[in-house]
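Okay, so here's the structure we're looking at.
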Amino acid sequence: MKQYLPIGMDSFEKIREGNYYYVDKTLMIREFLETRDEAALIARPRRFGKTLNMTMLRDFFDITKDSRPLFKGLAIMDTEYADRINSLPVIYVTFKDCKGQTPEELLVMLKRELGREFARYAGILSAHLPSDTFSAKRFFNMTETLADRSSSYPYIATALQDLCAVLLDYYKKKPILLIDEYDQPIMSSYEYGYHNELGTFFSNFYGSAMKGNDALEQALLTGVQRVAKESIFSQFNNPQVYTVASGQYAEYFGLTCEETEALLKEYGLTLNEEVRKQYDGYRIGGISLYNPWSILNYAKSHFLDNYWLNTSANFLVKAALKNAGRSFWDTFDQLASGGEAEVWLTLDTSYAERSNDYSLWGLLVNAGYLTLTKRLGPSTAIVKIPNGEVWMPKAGTP
């Protein structure tokens, strides 16, 4: 029976158990183990498989599960790292839905997501962990705090740090921390104008989990871009940031030409020139990649449409373009006419923090509206609009 297309699905377990088509990205686990980054961020555009890869990492390492049936026949099981399966405690949170028009709305979403992970471990630890240890007291107090509707931001700032500590005490192994879409709550605070109120919280929340945390094995974050460079990332110990210009992890987010061709063939389609013009053109770490969201939708409908662009909800891109100056638009005219342009850009600074043309070009590249065709230096590159799906009339906005 032909496998289902996993459109909108980002749970590795559900895809593997439900007879859905899966493109094997499990060798990312090997790269994660071999890089040995204490804390790292992988920045990628929306719909490039970030959450799916994070749930894959979670299911592989999670010591509370038996994941061998899920990984049977996949590439990682033919490597020397196969015996690392289900060997470590894992903390997994996804903040992709953590947004709110007010600080109070955002707090509800954050507490709900953190509370889910605390509740999962509370069911395991409560019957076996001595309640009088320091880490256990902090853990159970934080579990109650997350469930308390009246508790506010300062009280949950050490939640991830507290969870790391109790897991180390219980399992005698340091946990892996996976934070999916870490920047969504921060960008929500910028969008609705309350970032100044929560800037210290974000710094303490991420910093306490990853700076000098002796109870942490490794931390991996995903997001669209690096934000709060001075406040959050200065808290980390030598963090690694893998942007779309980095070779590390490049092939694991997006579909290669070979993967795209195989997927389309499975559903009665061919990777012809028309499809390439519509969906090809992304360059990540020097590799040509397709957007998985667009290819999956095309495989289902057999109709070339702007699937990825129709999901756009990037307020920052729209706001930045409204405020862009004449010099930016002069260069953008070249791109809108189908050409390439040499620009000065930074991929490591958020436009929300430094609103200049350098960070605006970087924002458009990080968000997937433009792609790098050649890196000329640390701050200069050749860019273009990647394909027909993303192409925009020069007078328009994404």
Over all distinct Cα pairs, what is the inverse of the mean 1/r for segment 12-242, reported as the Kirkwood hydrodynamic radius in Å? 18.3 Å
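Which entries of Lys25/Lys277; Lys277/Lys300; Lys318/Lys384 have Cα-Cα distances beyond 21 Å here? Don't jump to the answer; show the numbers that get you there.
On the way: Lys25/Lys277 25 Å; Lys277/Lys300 19 Å; Lys318/Lys384 18 Å.
Exceeds cut-off: Lys25/Lys277.
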Value at 222 nm in deg cm²/dmol, rounded to 500, when DSSP H runs of n ≥ 4 in the chain each add -39,500 (n - 2.57): -12500 deg cm²/dmol
What share of Cα pairs, in percent, lie more than 21 angstrom apart in segment 1-137? 54 percent
Among Asp59, Asp83, Asp169: highest mean-square fluctuation, GNM of the chain, C-alpha pairs under 10 Å: Asp83
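Ratio to report: Rg/Rh of segment 254-309, with Cα atoms as the point set and Rh obtained by the Kirkwood method; give two decimals.
Details: Rg = 10.3 Å, Rh = 11.1 Å.
Here Rg/Rh amounts to 0.92.
Here is the link list: Lys96/Lys374; Lys322/Lys374; Lys14/Lys96; Lys65/Lys172. Which ones come out longer than 20 Å on Cα distance?
Numbers: Lys96/Lys374 31 Å; Lys322/Lys374 27 Å; Lys14/Lys96 18 Å; Lys65/Lys172 17 Å.
Flagged as over cut-off: Lys96/Lys374; Lys322/Lys374.
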Rounded to the nearest Å, the spacing of the alpha-carbon centers of segment 20-78 and segment 150-174 is 24 Å
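For segment 111-210, run through the trypsin sites (Lys or Arg not before Pro) and keep only the ones in DSSP coil with at most 14 other Cβ atoms within 10 Å of their Cβ.
Numbers: sites: Lys111, Arg112, Arg116, Arg120, Lys137, Arg138, Arg149, Lys172, Lys173; in loops: Arg149, Lys172, Lys173.
When the trypsin sites (Lys or Arg not before Pro) of segment 111-210 are filtered for loop state and at most 14 Cβ neighbours within 10 Å, Arg149, Lys172, Lys173 remain.
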Normalized C-alpha radius of gyration of the chain, against 2.2 N^0.38 Å? 1.00
Which of Cys164, Cys257 has the fewest other C-beta atoms within 10 Å, and how do the rest follow up to the most? Cys257, Cys164
Candidate aspartates and glutamates for bridging to Lys111, where Cα separation is under 15 Å - those fewer than 8 sequence places away on the same chain excluded: Asp97, Glu144, Asp148, Asp162
Loop sites in segment 342-382: trypsin sites (Lys or Arg not before Pro), DSSP, at most 14 other Cβ within 10 Å: Arg354
Hey, any idea what the orientation-averaged projected area of the convex hull of segment 314-384's Cα atoms comes to, in nm²? 4.3 nm²
Of all chymotrypsin sites (Phe, Trp or Tyr not before Pro) in segment 282-363, the ones in DSSP coil with at most 11 other Cβ atoms within 10 Å are Phe303
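No lab work stands behind these numbers, since they all come straight from the coordinates. Since this is a predicted model, take the numbers as computed values, not measurements. Positions of Cβ are backbone-derived with ideal geometry, glycine not excepted, and every protein chain shown enters the neighbour counts.
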